[in-house]
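Engineer: Before we start, here is the structure in question, set down as structure tokens.
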Amino acid sequence: MNLLGSDSFDLDFLTILFAYLFLFYRSVPVGWFAFGQGLLIDIFSGGFHGLFTLLYLGVFGGIHLGSRFFNPQGPKGQVIIISFSVLLKKALLLMVLNAFSRDLVFSKTFLWTSGASAMCTGVVGPIIFYLFNRLRGVSFEDALSPSTEKLQAFKDESFFQ
């Protein structure tokens, strides 16, 4: 399998989770979550210190940048944003490993598997978003736009009285 270059092909569910959380909680909490997740992976892995923190902050940056140009609420925007973030993660990984390791050899199979991984993760993203919405009990229409009835009910509740 390693001769085929399939070791770099993976579905990046953590990137999908970052994009989903970014859709509902926006940038600051998701940025801290990405930082904490990267830090935990760095602590429990045997790799370079700070590598995964940088990668997941790069994924967060890709999601944040992509959401400025594409609609993260629509499936097409979700596919583009998630695919872009996975490609950015792979490019950052390659740059960091190339900067600190002279034994790294760049191959075309890495490029093809990274592209395939980004596209597959991007295509799976809206499906995972739908499943997360169903687990939360949110219908597809409610996920796209907030209901004025729900906002009015929230406003009428006397939390501050």
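The values are calculated or read from the model by the stated rules, or taken from the named source; none is laboratory data. This is a predicted model, so every value here is computed, not measured. All Cβ positions, glycine included, derive from the backbone under ideal geometry; neighbour counts span all protein chains shown.
Engineer: Which residues, taken from segment 9-21, are aromatic (F, W, Y) and under 11 Å from F129 (Cβ atoms)?
Structural biologist: Y20
Engineer: Counting only residues that are in a helix (DSSP H, G or I) and hydroxyl-bearing (S, T, Y), which one in segment 104-128 is surrounded by the most Cβ atoms within 10 Å (Cβ to Cβ)?
Structural biologist: T121
Engineer: Between residues in segment 1-18 that are modelled with pLDDT under 50 and assigned to a loop (DSSP other than H, G, I, E, B) and residues that are of a type in the set (D, E, K, R) and surrounded by 12 or more Cβ atoms within 10 Å (Cβ to Cβ), which pairs lie under 7 Å by C-beta distance while being six or more apart or on different chains?
Structural biologist: Between residues of segment 1-18 that are modelled with pLDDT under 50 and assigned to a loop (DSSP other than H, G, I, E, B) and residues that are of a type in the set (D, E, K, R) and surrounded by 12 or more Cβ atoms within 10 Å (Cβ to Cβ), the close pairs are M1/D7.
Engineer: L51 versus (1) of a type outside the set (G, A, S); (2) modelled with pLDDT of 90 or more; (3) more than 18 Å from T121 (Cβ to Cβ): which is the lone unmet condition?
Structural biologist: (2)
Engineer: Here is a list of conditions, (1) surrounded by fewer than 19 Cβ atoms within 10 Å (Cβ to Cβ); (2) modelled with pLDDT under 90; (3) of a type outside the set (S, T, Y); (4) more than 21 Å from F100 (Cα to Cα), and Q78 meets all of them except one; can you say which number that is?
Structural biologist: For Q78, the failing item is (1).
Engineer: Given the condition modelled with pLDDT under 80 and surrounded by fewer than 18 Cβ atoms within 10 Å (Cβ to Cβ), answer yes or no: does some residue in segment 90-100 qualify?
Structural biologist: Yes, segment 90-100 contains a residue that is modelled with pLDDT under 80 and surrounded by fewer than 18 Cβ atoms within 10 Å (Cβ to Cβ).
Engineer: Moving to a separate point now. Are there any pairs, at least 6 apart or on different chains, whose C-beta atoms fall under 7 Å, with the first in segment 107-128 and under 12 Å from F84 (Cβ atoms) and modelled with pLDDT of 85 or more and the second outside any helix (DSSP H, G or I) and not aliphatic (A, V, I, L, M), and if so, which?
Structural biologist: Within 7 Å, the pairs are T121/D12.
Engineer: Got a number for residues in segment 11-42 being under 18 Å from L87 (Cα atoms) and of a type in the set (V, I, T)?
Structural biologist: The qualifying residues number 2.
Engineer: Also, I was wondering about something else. When segment 27-49 is examined, which residues are found to be touching a residue at least 12 places away in the same chain (Cβ under 8 Å) and not in a helix (DSSP H, G or I)?
Structural biologist: F48
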